[in-house]
Protein chains: 4
Amino acid sequence: MQKIGVLTSGGDAPGMNAAIRAVVRRGVSLGMEVVGVRRGYAGLISGDFAPLSLSSVGDIIQRGGTILRTARSDRMMQPEGPLEALAQAQAAGIEGLVVIGGDGSFRGALKLAALGLPAVGVPGTIDNDIYGTDLTIGFDTAVNTSLDAIRKIRDTATSHDRTFVMEVMGRNSGWIALAAGLAGGAESILIPEFPVSMDEVINRLQRGSERGKRHSVIIVAEGAGQGFKIGEEIKNRTGFDTRVTVLGHIQRGGAPSAVDAMLACRLGARAAELLMEGRGGLFVGQLNNEVVAQPLEHMLDKHRTVPHELVELAEQLAI
Amino acid sequence: MQKIGVLTSGGDAPGMNAAIRAVVRRGVSLGMEVVGVRRGYAGLISGDFAPLSLSSVGDIIQRGGTILRTARSDRMMQPEGPLEALAQAQAAGIEGLVVIGGDGSFRGALKLAALGLPAVGVPGTIDNDIYGTDLTIGFDTAVNTSLDAIRKIRDTATSHDRTFVMEVMGRNSGWIALAAGLAGGAESILIPEFPVSMDEVINRLQRGSERGKRHSVIIVAEGAGQGFKIGEEIKNRTGFDTRVTVLGHIQRGGAPSAVDAMLACRLGARAAELLMEGRGGLFVGQLNNEVVAQPLEHMLDKHRTVPHELVELAEQLAI
Amino acid sequence: MQKIGVLTSGGDAPGMNAAIRAVVRRGVSLGMEVVGVRRGYAGLISGDFAPLSLSSVGDIIQRGGTILRTARSDRMMQPEGPLEALAQAQAAGIEGLVVIGGDGSFRGALKLAALGLPAVGVPGTIDNDIYGTDLTIGFDTAVNTSLDAIRKIRDTATSHDRTFVMEVMGRNSGWIALAAGLAGGAESILIPEFPVSMDEVINRLQRGSERGKRHSVIIVAEGAGQGFKIGEEIKNRTGFDTRVTVLGHIQRGGAPSAVDAMLACRLGARAAELLMEGRGGLFVGQLNNEVVAQPLEHMLDKHRTVPHELVELAEQLAI
Amino acid sequence: MQKIGVLTSGGDAPGMNAAIRAVVRRGVSLGMEVVGVRRGYAGLISGDFAPLSLSSVGDIIQRGGTILRTARSDRMMQPEGPLEALAQAQAAGIEGLVVIGGDGSFRGALKLAALGLPAVGVPGTIDNDIYGTDLTIGFDTAVNTSLDAIRKIRDTATSHDRTFVMEVMGRNSGWIALAAGLAGGAESILIPEFPVSMDEVINRLQRGSERGKRHSVIIVAEGAGQGFKIGEEIKNRTGFDTRVTVLGHIQRGGAPSAVDAMLACRLGARAAELLMEGRGGLFVGQLNNEVVAQPLEHMLDKHRTVPHELVELAEQLAI
């Protein structure tokens, strides 16, 4: 291959720029040209391209967000979308494509691969719920941002003898809630995978209160309930002074952590190598510390869920 | 004076512990004993005291929150509250009191001073709206926390071509919103002191959009409107992809910034010195880089508002 | 077992307190008493013990350093040291021991186990070079601290068109240098495991300079050379404006990252469980995301070295 | 004026980019064109110019370093330097100049003003020792970076019962050492303005040790002595386990703090306004929270020194 493209798609995640840099640098070191595709599949369909050089990615490894920007593309979901995308790629001489994003983004990659454009998926999402990799790019940074917030919240919870409910991201996945809650010593963690009844949450709060515990921090993944509703119920049933914080989009921003930047380097470089070898229709993940390429169709429609062992551990340590 | 007390009252703020440490260390170096009063005036009325030594404050200068905890006390607002507080102080041999808190907390200090217990107020609040001081303890840390959030939000705003509304604290005061918004390069800043119409906000967004600006960050002090309502209106009137983040209580937490820790050292030490000299009914602030003591009654019922010049500057730089 | 001890030994590492908390909380939840041993084996030999309760570890998960303090003990290396330690443990009713530290610390644990005191080792060191675990507690935090420093150094390197040499910790191990250098996009990384000649470093700098690169950051593990000597040689041979920073002990401090806090929770809890089951002479590590217990003697005298693949990747991306 | 230039000169400082942005945005809003001059006076003399637009400074407010780069220029110190600089400015139609830098940089500005090119100085240096302003751009960020390092060092000092010496920047000025040391609760602070004998430092350490204090952090401004020599002497005379850290260039990097970003906005904007009014030969500083313009010649050859009152306070609180 002589020319490949790279795009970011779906929700942005810290480390996407480090992955773009890795694709470009490894691609160029292998003798290929690399073209940036702006705003995901929308830009691929409309031909919104810009060449990327060694120096144009020289200062992006630490930047949050994605310099290529990202967007959702309805057109890519329709039958003609992938055909139009392919035509644009061919017109620009793009022979292979790296897609950095989440589950939905890989469906588009698979369609392009089926049409003859080798595409390789790289997992870039803060949710960490992608099958076929132990870690997704952006997860560790989002967890550290949430952990920092828990630590700040605990300062004020302790000072005021208050109960705090903090809602973090994760519509279908409790990864951020569980990891940040465990690392932050949260008193309860509510996640969609292993539902806990409000009775149990409240019993635990009351038992703690009887033992003299005067403040608590409860972490809720958005898929497990709305922070404000849960806070309201706790207040009504216990009478505890309860406050709610919805952490929101700050979880998506910031410079990537070391884990995320390294992961982005490894996966982005491997994606470029696979395309150089003419291989597409693949997904590049990290399993047991190794970079592994697997067929894209094997990992769609599956989710990587949190291990129950970690849920138990969080409960054992929150006594 | 041989024995003084110290309490924190009202909302907690980063640097309160550094102020407690300064009261204790300066007090002890002047030959006084220092007693910690837990949970503000409530603890004063109930006699919830604990001696504080050089070593018991040895590791608190960098900690968020307040080791003495804080609470609001209705009883202190009633006629008998201050009398009960005085009786407890006298029973414990407490001859003077340092009150670290906000405007409401100083009313209690003034009542105690009127009853013959010399009390000195130290401004500890993230709101920065206290008359008689250029800075309050906690403000700079809260602004830096908000600034960090703006920077993270901007990463994702840029990546998605989105408009973000971020609500920060400040029920009656635009200080945090203005300082963080100016330092973070926000496109619009809404504060209670100088209201801006939604028409103007939307005009500005649309002019930016016409010039090619594809993302914006709007900061709203809670006293100037609800973030979610403002986001909704922007979305409805412009059609822009608009998201809202309510930063919430994380603004109260965290280790104090250098400015806050230094301010706390200066004001806390001066408060102890004033009591050693037998002076009470005073408020200790920083004016033009000097520590200044003023009568408490001079600064009640007044507010320090943001200068209009900074509002204009923020607008000029957001073009 | 009814009563166990826990100590930290060797160089301190972020997350040691989170591990202590996990030992205590899991131990108590299993029905055991937990005793803290101060200053490592020195405190064990002198009987410097303090009971640890659920609440005494209630606020330590995020604190850097170790509340139990740590020290090196020459006496423990001598024949009578372990016997004296055993006697003190028995006198205090301590039936099992968790040792949080590095390689040297585990030799002591093994001796105690041989004498009949079940001891379990938990890897707490920033160096990450312990055999039998993919990660050691403290490594991820130290890497993130170093990464933050690289990012700050790069700001000033770019502004001044300078070459910077930054020396990081790692007397026998290049883990911190390699991870931080890769994540920070360092132009060269010098580690003890895979030596690079100064000729190669200088060639690389000169090739970069010919391509128009005006600044560079070179990371050196202390085991691969002295930063100041390397900086001097670069300056003398290239004439480039070269500066040196020795990062030093700040790499050991700070609140643990999410990865380190979680790892500490997992390993500390498992160590308590093993002792509850009466098992000693073991080392608890994390391998392929699972917590694994192995005989202590299997992992001594071995080192976990950096994979050559990551060294190559760093070079490929630094073109 | 229709066209002005802006350059950064001397050592780089966090917030310089925020100041450049403010000059550009305020300049453009007043109807002027703004030209960036690369690498300080060297670039002015060689005509290394680039136009700066609203959007070219759209994403730099939070970036460390200076996008214009900076350098020292020997030629500007020689008689013909300023003449060559003037000729280049005139050839490019540059009618006024903003110089962001330190004391040395303002000498060049004064010479240009004397030759008829209105020049305005903006204080950008981490040293905070410039006469005519209460704060310089970059100081607050450097202090917070140093404070963060003190906090990390204290973690490991406490864990190991060690004495740490930390050397911070300040060849002629103790501002960073004093501010960070006070905010970090350092046991001793050595600065060039108010020398302290080693006898006194050691007495203080020994008195602390007698009272049971087992660890200490001593901050040294580079102008008050070399960290390594001081550490050596402490070790030799006390026998305490003493370690040394030289913080180095990381103090220059990083995103500007809120204080620095705001200060840069205020001073940069005012500099553009002064040039628009045709006024040059001025220095823009912040005095008592107001932006004030003063003749450049009034502030040369003077230094703003640390107040002795803060030195005393640090000693009083370190008991």
Expected single match for within 14 Å of chain B (Cβ to nearest Cβ), of a type outside the set (S, T, N, Q) and within 21 Å of the chain's Cα centre (by Cα) among A:Leu110, A:Leu97, A:Leu68 is A:Leu68
Enumeration of residues in the range C:225-284 that are within 14 Å of chain D (Cβ to nearest Cβ) and small (Gly, Ala, Ser): C:Gly227, C:Gly231, C:Gly248, C:Gly253, C:Gly254, C:Ala255, C:Ser257
Of everything in the range D:67-83, what is more than 24 Å from D:Ala18 (Cβ to Cβ) and charged (D, E, K, R)? Give them in sequence order. D:Asp74, D:Arg75, D:Glu80
Just one of the numbered conditions (1) closer than 15 Å to B:Ala318 by Cβ; (2) in contact (Cβ under 8 Å) with a residue 40 or more places away in the chain is not true of B:Met169; which one? (1)
Take D:Glu193 and decide whether it is of a type in the set (Asp, Glu), more than 14 Å from chain C (Cβ to nearest Cβ) and either touching a residue at least 24 places away in the same chain (Cβ under 8 Å) or out of contact with any strand residue (DSSP E or B) (no Cβ under 6 Å at 6 or more places or on another chain) (or both). yes
Test: residue in the range A:132-140 that is on the phi < 0 side of the Ramachandran plot, within 14 Å of chain B (Cβ to nearest Cβ), out of contact with any helix residue (DSSP H, G or I) (no Cβ under 7 Å at 6 or more places or on another chain) and not β-branched (Val, Ile, Thr): no
Please work out if D:Leu247 is in contact with a Ser or Thr (Cβ under 7 Å, 6 or more places away or on another chain), among the aliphatic types (A, V, I, L, M) and under 30 Å from B:Ser146 (Cβ atoms). yes
So how many residues does the range A:195-244 have that are crowded, with 16+ Cβ neighbours inside 10 Å and within 23 Å of A:Asp129 (Cβ to Cβ)? 11
Which residue pairs have Cβ atoms closer than 8 Å, lie 6 or more positions apart in sequence or on different chains, and pair a first residue in the range B:263-280 that is in the same structural domain as B:Ala109 (by TED's automatic domain parsing) with a second residue that is buried (at least 24 other Cβ atoms within 10 Å of the Cβ) and of a type in the set (Asp, Glu)? B:Leu263/B:Asp140
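Of everything in the range B:111-131, what is among the aliphatic types (A, V, I, L, M) and either on the phi > 0 side of the Ramachandran plot or not in a helix (DSSP H, G or I) (or both)? Give them in sequence order.
Matches in the range B:111-131: B:Leu115, B:Leu117, B:Ala119, B:Val120, B:Val122, B:Ile126, B:Ile130.
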Picking from B:Val201, B:Val168, B:Val196, which residue would you name as being closer than 21 Å to B:Ala142 by Cα and β-branched (Val, Ile, Thr)? B:Val168
Return the residue satisfying two criteria in turn: it lies in the range A:36-53 and is within 24 Å of the chain's Cα centre (by Cα) and small (Gly, Ala, Ser), and of such residues it is nearest to A:Ile67 (Cα to Cα). A:Gly36
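Quick check on this structure: which one of C:Ala142, C:Ala183 is in contact with a Gly (Cβ under 9 Å, 6 or more places away or on another chain), of a type outside the set (Val, Ile, Thr) and buried (at least 24 other Cβ atoms within 10 Å of the Cβ)? I'd like the intermediate steps shown before the answer.
Details: C:Ala183 fails: in contact with a Gly (Cβ under 9 Å, 6 or more places away or on another chain).
Going through C:Ala142, C:Ala183 in turn, the sole match is C:Ala142.
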Conditions: (1) in contact with a Gly (Cβ under 7 Å, 6 or more places away or on another chain); (2) more than 14 Å from B:Ser9 (Cα to Cα). B:Ala119 meets all but one. Number of the miss? (2)
Out of all the residues in the range C:293-319, which are within 14 Å of chain A (Cβ to nearest Cβ) and free of Cβ contacts under 8 Å to residues at least 60 places away in the same chain? C:Pro307, C:Glu309, C:Glu312, C:Glu315, C:Gln316, C:Ile319
(1) in a loop (DSSP other than H, G, I, E, B); (2) surrounded by fewer than 23 Cβ atoms within 10 Å (Cβ to Cβ); (3) within 14 Å of chain B (Cβ to nearest Cβ): which one isn't true of A:Ala42, the others all being true? (1)
Whether any residue in the range B:19-31 is within 14 Å of chain A (Cβ to nearest Cβ) and touching a helix residue (DSSP H, G or I) at 6+ places or on another chain (Cβ under 7 Å) is what I want to check. yes
The residue that is farthest from D:Ala114 (Cα to Cα), considering only those in the range D:59-100 that are β-branched (Val, Ile, Thr) and buried (at least 23 other Cβ atoms within 10 Å of the Cβ), is D:Ile61
Residue check, C:Asp155 over 23 Å from C:His303 (Cβ atoms) and modelled with pLDDT under 95: yes
Sort through D:Ala71, D:Ala157 and tell me the only one that's part of a helix (DSSP H, G or I) and hydrophobic (A, V, I, L, M, F, W, C). D:Ala157
Considering only the range D:176-186, state which residues are within 11 Å of chain B (Cβ to nearest Cβ) and not in a loop (DSSP other than H, G, I, E, B). D:Ile176, D:Leu178, D:Ala179, D:Ala180, D:Gly181, D:Leu182, D:Ala183, D:Gly184
Could you please let me know if D:Leu313 is in contact with a Cys (Cβ under 8 Å, 6 or more places away or on another chain) and of a type outside the set (S, T, N, Q)? yes
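The values are calculated or read from the model by the stated rules, or taken from the named source; none is laboratory data. Predicted model only: the values in this text are computed from it and were never measured. Heads up, the Cβs are rebuilt from the backbone with ideal geometry, glycines too, and the neighbour counts pull from every protein chain shown.
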